[in-house]
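A short reminder: the numbers here are calculations on the coordinates, not readings from a lab. What you see is a predicted model, and the numbers here were worked out from it, not measured in a lab. Here the Cβ is made from the backbone with ideal geometry for all residues, glycine too, and neighbour counts use every protein chain on show.
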Amino acid sequence: MNESELDDIPGTTVFTGRQSRKGFHLNQFCMSLRTAENRARFKADEGAYLDEWSLTAAQRKAVLERDWNAAIAEGGNIYFLAKIFASDGTSFAAAASTMVGMSQEDYVAMMVAGGRSPEGQRSIKEGR
Amino acid sequence: MARITAGVTTSHVPAIGAALDHGNAGNDYWRPMFAGYDWTKKWIAQERPDVVVLVYNDHASAFSLEMIPTFAIGCADTFNVADEGFGPRPVPVVEGHPDLAWHLAESLILDEFDITIMNKLDVDHGLTVPLSLMFGQPEAWPVKVIPLAVNVVQYPPPTGNRCYALGEAIRRAVQSYGEDLNVQVWGTGGMSHQLQGPRAGLINKEFDAAFLDKLTADPEALRRMPHLEYLREAGSEGIEMVMWLIMRGALGEVVKELYRFYHVPASNTAVGHIVLQTAP
């Protein structure tokens, strides 16, 4: 597989084996939030709950700050990270707006207007 | 003899389920999206399929990173609704058709598709949102469901060509089942969308329209589409559309398009929906 081609898509991290290895413990922590009991424990003391998982300092910081782009860079997968923002009661659109650096209102307005155009968003090296 | 009579594809956006579950389906944002399924609801009430082979992907609900089957078939009597981080959706338990599901599993494996057999499987919005779109909010789902889970979370998903060939094998397997059953195959997910990173919110209407056209008229072209093209053109999560090719492969070469609907947006996603009828 040619990872350089996958890395050539602007603003996108493809969840390859490389990312999956990096993010294994982070994503497994996210997976644990599928039960109400674990969500309650996490909310009661996020730091103590995270201590139970072998996260790197960068992963831990990304989770505590709800910095989704940083979490993705550290191997997080969006469907796993969604368990955190579901636990927070945050919608996918609200989480996505923080990833693109827009207010939620502006992001939703962009989507209603037809979404982000693919023009210029396909390839970094080809500039298209 | 069991027979595949029709195929349906639809997006399976979780926010659609939330809108229905929280009583927001009639508001200005959601009404036009739900209205796009009115035709299909009437159609399927007349068609009354016995079983739906429902192709979907799990979103870190049943499958963690511990085990990642590329193709998995649900052979259980029933499938519970998964807790995806906000409690299970308030929808009926999904009833399976274990006899046909086991027949499919055995036939597919002997037909050289090494599918994973699931005797316990909690199903998430990927499977329940399409049921809600077709059937609304019933006390019990009016159809038996055989979940067919495809990995599209961990790169790489199966190729479009492999998905199409799996569909063809499902067709052979259904046709070799003795009981007279009206079977539909649904492909779910898509259309263009990206949920992650600075490119989130990507929508490509031209790509989606061409994909819908080719699904009926030129599936051979879609079989050859590489993953990179889905990722570039339809967004990182748009690659879910490979699952539609399982549906298409199961219908045989010639199909008739009965209905099509396209709408932007449902939350972050372009909603695409098509109903195809197999040749008699």
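Legend: ranking of residues B:83, B:28 from fewest to most surrounding C-beta atoms inside 10 Å; resulting order B:28, B:83. Beyond 18 Å, the tail of the calculated P(r) for segment A:3-89 holds 40 percent of the Cα pairs.
Applied to segment B:35-44, the Karplus parametrisation 6.51 cos²θ - 1.76 cosθ + 1.60 on θ = phi - 60° returns per-residue 3J(HN,Hα) values of 4, x, 9, 4, 4, 5, 4, 5, 4, 6 Hz, with x for Gly and Pro.
Residue order for A:87, A:117, fewest other beta carbons within 10 angstrom first, comes to A:117, A:87. Taking the fewest neighbouring Cβ atoms within 10 Å as the starting point, the ordered list for B:247, A:31 is A:31, B:247. What list of whole percents do you get for P(r) of segment B:80-229, with Cα-Cα distances grouped in 10 Å bins up to the one holding the largest distance? Percent of pairs per bin, in order: 8, 31, 37, 21, 2, 0. Per residue of chain B, the DSSP helices (runs of n ≥ 4 H) give a summed -39500 (n - 2.57) that works out to -10000 deg cm²/dmol at 222 nm.
Over chain B, Cα pairs under 8 Å with separation of 6+ residues give a relative contact order of 31 percent. Tell me, what is the percent relative contact order of segment B:107-201, built from C-alpha pairs under 8 Å that lie six or more residues apart? Taking the mean separation of contacting Cα pairs over the length of segment B:107-201, I get 30 percent. Ignoring the sites themselves, chain B has its longest run without GluC sites (Glu not before Pro) in a DSSP loop having at most 12 other Cβ atoms within 10 Å at B:180-252.
Largest mean-square fluctuation among B:251, B:121, B:222, in a Gaussian network model of chain B whose springs join Cα atoms under 10 Å apart, belongs to B:222. The angle between the Cα long axis of helix A:78-88 and the longest principal axis of the Cα atoms of chain A comes to about 50 degrees, rounded to the nearest 10. 3J(HN,Hα) along segment A:104-120: 4, 4, 5, 5, 4, 5, 4, 5, 4, 7, x, x, 7, 5, x, 4, x Hz, from the Karplus curve 6.51 cos²θ - 1.76 cosθ + 1.60 with θ = phi - 60°, whole Hz, x for Gly and Pro. When the alpha carbon gyration tensor of segment B:3-271 is reduced to an equivalent ellipsoid, its three semi-axes come out at 25, 22, 19 angstrom, largest first. Shown for the protein assembly as shown is the translational diffusion coefficient from the Stokes-Einstein equation, using the Kirkwood radius over Cα pairs, a temperature of 4 °C and a viscosity of 1.567 mPa s: 61 µm²/s.
Here the Karplus relation 6.51 cos²θ - 1.76 cosθ + 1.60, evaluated at θ = phi - 60°, turns the backbone of segment B:245-252 into coupling constants of 6, 5, 4, 5, x, 6, 8, x Hz, with x for every Gly and Pro.
Translational diffusion coefficient of segment B:19-91 (Stokes-Einstein, Kirkwood radius from Cα pairs, 37 °C, 0.692 mPa s): 209 µm²/s. Remark: relative contact order (chain A) = 30 percent; criterion is Cα-Cα distance under 8 angstrom and separation of 6 or more residues.
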